[in-house]
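Read through the structure below, which is laid out as C-alpha cells, and then see the notes.
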Amino acid sequence: MSRPVTYDLADLITLMARLRNPQTGCPWDLKQDFATILPHTLEEAYEVADAIERQDWPHLEEELGDLLFQVIFYGQMGSEAGHFDLASIIDRLVQKLIRRHPHVFPQGTLASERDPSISPQEAEINANWDLIKQQEKSDKLARAGGNLLPERLLDSVPATMPGLTRAVKLQKRASSVGFDWNDAHAVVSKIQEELAEVQHEMATGDIERLESEIGDLLFAVSNLARHYKIDPEVALRGTNQRFYRRFSQVEDDALAAGGWDQVGLDEMELSWQKAKQLEKQRSR
C-alpha cells in the first residue's frame, strides 16, 4: 500500500496562488481583500485559544493550520498588490527576532550561538527587549528623515484588541514610565471607588454615565489582574465556561421537571448550587 501524500509549506503556498489565480481560481477567494479576511483571522485566533484552553490537541493542530492559512492569504494578497510577499514577511520576522535576542544570537546572525555556560536572567532579557524595541523605533524615525511624527507611548497598542486585553497593554505601557499603582491593595481601593460611582449612576438613571462608569470599573478590575500577572481575558473565559457548565445543569434539571415553566428561581438556584458542588467534588 502506497504512503499517502504528505504536503509541506511550499505546497500550501502553491495552493494559495492557485486559489487566487484570476483565470482558474476560486471565486470566493478571488473577491477577498485585507478587510474582508480580517474577521476570519480574529475568529481563527480565538479558536486556537479555545483549543489550547481545552487541551484539545488534535483540534489545536487543525486550528493552527487554519491560522497559518490566514498568514499565507495575506502574503499572497500583499504580493499581488506589490506591498510585500511571504518571503519578505519571513525575512523581516527572522531579522527582528535575531535582533531582539542578543542573548541567543550574540553576533547578530542565525548561525551564531551564545556560550552555554552563561545564563542570562529573565529580568535582564526583558529590559534588553524593551531597549531594542525603543532603538528600532528611533531607527525607523531616522530612516524617514524625521518626516514621521514620534510615536506616542500608547500608539502601538491596537485599538482593535479585545477590551480587557487592550486595557492591560495600555496599563503595562504606562507602568513602564512609572505611571502605576504602588501595590495591588491600592488597585482594590480604586475598584471600590469605581463601584461606588457605578451605584451612584444607577441611582441617577443616567445610562450614558453608567456605561462610562462600568467601563472604568472593568478597567480597574483588569488592572488588579495585571498586578497578579493574571490575564483577564483568560480569567473571564474560564468564568464563561463555568457558567456554561453550571447553567447546563440548571437546564437539565428544568427539562427533567417538565420544562422551564415548571421551575422558579428558587429551583434554579438549587440546581446551580448542585452544579457548583459537583465541580468541587470532581476537582478534589
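The values are calculated or read from the model by the stated rules, or taken from the named source; none is laboratory data. It should be emphasised that the depicted structure is a prediction, and the values quoted were computed from it without experimental measurement. Don't worry about glycine lacking a Cβ; one is built from the backbone with ideal geometry, like all the others, and counts go over all protein chains shown. All accessible areas refer to the heavy atoms of the entire protein, side chains included, with ligands and DNA or RNA removed. Shrake-Rupley method; radii C 1.70, N 1.55, O 1.52, S 1.80 Å.
Condition (residue is farther than 30 Å from Leu131 by Cβ, open to solvent by less than 100 Å² (accessible area, probe 1.4 Å) and among the hydroxyl-bearing types (Ser, Thr, Tyr)) applied to segment 174-187: is it met by at least one residue? For segment 174-187, residues farther than 30 Å from Leu131 by Cβ, open to solvent by less than 100 Å² (accessible area, probe 1.4 Å) and among the hydroxyl-bearing types (Ser, Thr, Tyr): absent.
For segment 69-110, a tally of residues being over 23 Å from Pro22 (Cα atoms) and not small (Gly, Ala, Ser) returns 21. If you check Glu61, Glu80 for being open to solvent by 80 Å² or more (accessible area, probe 1.4 Å), in contact (Cβ under 8 Å) with a residue 12 or more places away in the chain, acidic (Asp, Glu) and assigned to a helix (DSSP H, G or I), only one passes: Glu80.
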